[in-house]
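Okay, structure first, notes after.
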Amino acid sequence: MTYSECFQSELVDDVLVVSFQIEEARIEEFAMMNKQQVLSHKFNKSRAVHAIVDFRQLSYFGSLMLEDLLQLWKAVKAKDGRMALCNLSQTGREIIGVSRFDQLWPVCETQEKAMQSVLNRNFTK
Amino acid sequence: MPRILVVDDLLADRRLAGGLLSKDESIEVYYASDGVDALDKIEEHMPDLVITDLQMPEMNGLELVQRVREEHPLIPTILMTAKGSEEFAVQALEKGAASYVPKKHLAADLLETVRRVLATSTEDRSFTRLMNRLSEIRFVLENDLSMLSALVSHLRHHVQHRRICNDADSIRVATSLDEALLNAYYHGNLEVDSALKNESHEKFHELAKSRLREQPYSERRITVIARYSPVEAVFVIRDEGPGFNSSVLPDPTDPEFLEKPSGRGLLLMRSFMDEVTFNDSGNEVTLVKRKEEHVAISCEDHE
């Protein structure tokens with residue numbers, strides 16, 4: 001599997017929604033995504049202002065993915081946008097919590113709630 | 001003599017399945033009337049195989065398949081599906097059932113399916129028993145990320161099968177091993193500094209790639225030793241680089257460093273393992289994961 005098959009992205013109005021399509025990624029796939037900075041690159045290439053990362057079935061990830069999220073966040077901030085994460089596994093939530101990244105972005109249960117969050121409409125986690 | 005537990009709330013169906021199995025005189029059959037009863041009977045008889053109906057009160061067949069998978073991973077399950085419930089067969093296989101048999105084909109297929117599943121599970125069980133006697137294993141790997149992935153997957157499988165960890169904890173172990181191996185690969189053997197990522201992630205990875213072909217980096221290896229006991233797994237990961245001082249890393253959770261790239265791997269290791277220590281030169285890390293009840297005992301010892 002190539003890293004481009006690891007996730008899908010779509011533009012919903014001015015929100016880039018990135019959804020992972022895999023349950024587990026190998027180290028080399030995370031390394032390739034990290035090298036290409038795929039998430040921030042996709043965001044910068046689009047007309048999106050906000051971003052949602054939907055982890056769906058991805059059971060775990062590590063520091064390389066956290067760096068990718070940070071780079072995406074820098075790109076979102078540069079456009080005065082908002083970012084949210086959703087559908088994290090139990091371990092995924094722990095990783096985000098341990099890193100204190102839940103202080104940077106809301107961690108939502110569903111993509112719908114993440115959408116409300118970035119669009120700031122009646123937001124509840 | 002293989003012991004088989006037949007689970008069905010309908011007495012007639014239990015008798016039908018049991019009768020078919022009894023054609024093989026070497027098979028000993030036990031019965032349970034629903035999923036909850038089945039879990040008790042599993043504890044009591046420790047069967048070699050569980051055959052279950054799908055629709056039952058208290059706990060249905062799918063839930064039972066999942067519980068057996070979680071609590072007794074060495075006991076295979078076979079689901080009996082009635083007409084109109086074929087879709088559940090796929091779900092059962094996803095939840096860990098070894099096979100399924102439509103009820104209308106029980107007479108023709110049940111015994112053959114049971115023999116096939118038992119043959120496979122006996123082989124798996126023997127292999128697992130053999131592997132459980134492995135107390136130490138050592139890998140010496142060149143700098144190849146795909147090999148590191150394969151190794152993490154192997155070690156995760158081991159801690160799970162040895163029941164040192166449940167599924168969730170084995171994911172935490174895999175996360176920590178990923179991080180320790182990435183440190184050994186990038187920062188240890190290839191000596192590429194995370195600070196380069198402040199400039200460009202591409203430069204960081206390009207430098208790593210070019211060093212894979214340059215001496216002395218290209219000749220360095222990563223040694224991984226896994227030691228297992230009934231109560232813990234110990235992983236020693238050593239690179240052949242000059243080492244580093246882990247105490248000088250900034251705290252990545254400090255608001256000042258929250259958006260900086262370094263230190264998060266070590267943070268994850270420390271969060272998910274019970275013990276993380278470096279040798280004096282900083283090129284060897286030892287990660288310890290203890291079985292849950294022994295973590296509690298160990299904590300009490302320190303009080």
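A few remarks follow.
- Distance between modelled label sites at B:Met46 and A:Lys45, nm, 7 Å Cα→Cβ extension: 5.7 nm
- Comparing B:Ala108, B:Ala92, B:Ala208 in a Gaussian network model of chain B (Cα springs below 10 Å), the most mobile by mean-square fluctuation is B:Ala108.
- Take B:58-71, B:238-251 and order them by the average number of nearby Cβ atoms within 10 Å per residue, most first; the result is B:58-71, B:238-251.
- Taking chain B and dividing mean pair separation by its residue count, relative contact order in percent (alpha carbons under 8 Å, at least six apart): 12 percent
- Label zone at B:Val36, where the point sits 7 Å out along the Cα-to-Cβ direction: region B:3-25 residues whose backbone N lies under 15 Å: B:9
- Charge dipole magnitude, Cβ of K and R +1, D and E -1 - the protein assembly as shown, Cα centre, debye nearest 20: 900 debye
- Each Cα pair under 8 Å and six or more residues apart adds its sequence gap; the mean of these over the residue count of region B:156-303 is a relative contact order of 27 percent.
- A simple rule links phi to the HN-Hα coupling: the Karplus curve 6.51 cos²θ - 1.76 cosθ + 1.60 with θ = phi - 60°, which for region B:145-158 gives 4, 5, 5, 5, 4, 5, 5, 4, 4, 5, 5, 4, 4, 4 Hz, with x for Gly and Pro.
- Placing +1 on each Lys and Arg Cβ and -1 on each Asp and Glu Cβ, with no other charges, gives region A:3-119 a dipole about its Cα centre of roughly 440 debye.
- Computed over neighbours whose Cβ is under 15 Å from that of B:Gly263, the net charge equals -2, Lys and Arg +1, Asp and Glu -1.
- Cα gyration tensor, region B:3-131 - rounded (a/c under 1.5), prolate or oblate: rounded
- Listed peptides B:12-22, B:74-84, B:120-130 by packing density, highest first (mean Cβ within 10 Å): B:74-84, B:12-22, B:120-130
- Distance between modelled label sites at B:His157 and B:Ser229, nm, 7 Å Cα→Cβ extension: 2.6 nm
- Rounded to the nearest 20, the size of the Cβ-charge dipole of chain B about its Cα centre is 960 debye, with Lys and Arg at +1 and Asp and Glu at -1.
- When both bridge partners sit in the protein assembly as shown, DSSP labels roughly 50% of those beta bridges antiparallel.
- Efficiency of FRET between B:Asp193 and B:Glu63 - r from beta-carbon atoms, R0 45 angstrom, step 0.05: 0.30
- Applying the Karplus relation 6.51 cos²θ - 1.76 cosθ + 1.60 with θ = phi - 60° to region B:115-132 yields 3J(HN,Hα) values of 4, 5, 5, 5, 4, 5, 6, 5, 5, 4, 5, 5, 5, 4, 4, 4, 5, 5 Hz, where x marks Gly and Pro.
- Given charges at Cβ of Lys, Arg, Asp, Glu: the protein assembly as shown dipole, positive-most of B:Ala92, A:Phe101, B:Ala82: A:Phe101
- Selected from B:Ser200, B:Leu267, B:Ala174, residue furthest toward positive end of dipole (region B:136-302; charges at beta carbon): B:Ala174
- Peptide B:205-216 - average C-beta neighbours from other chains (10 Å radius): 1
- The mean count of C-beta atoms from other chains within 10 Å of the C-beta of residues in A:14-27, rounded to a whole number, is 2.
- For peptide B:72-82, the mean count of partner chain Cβ atoms within 10 Å of a residue's Cβ comes to 0.
- Taken as Cα centroids, region B:1-50 and region A:66-125 sit 49 Å apart, rounded to the nearest whole angstrom.
- Between region B:79-152 and region A:22-48, the Cα center-to-center distance that results, in Å: 33 Å
- The residue list B:Thr120, B:His72, B:Leu11 was ranked by how far each Cα lies along the charge dipole of region B:3-131 toward its positive end, using unit charges on Cβ atoms, and B:Thr120 comes out on top.
Every number here is computed from the coordinates shown, using simple stated rules; none is lab data. Owing to the predicted nature of the structure, the values given are computational and were not obtained by experimental measurement. All Cβ positions, glycine included, derive from the backbone under ideal geometry; neighbour counts span all protein chains shown.
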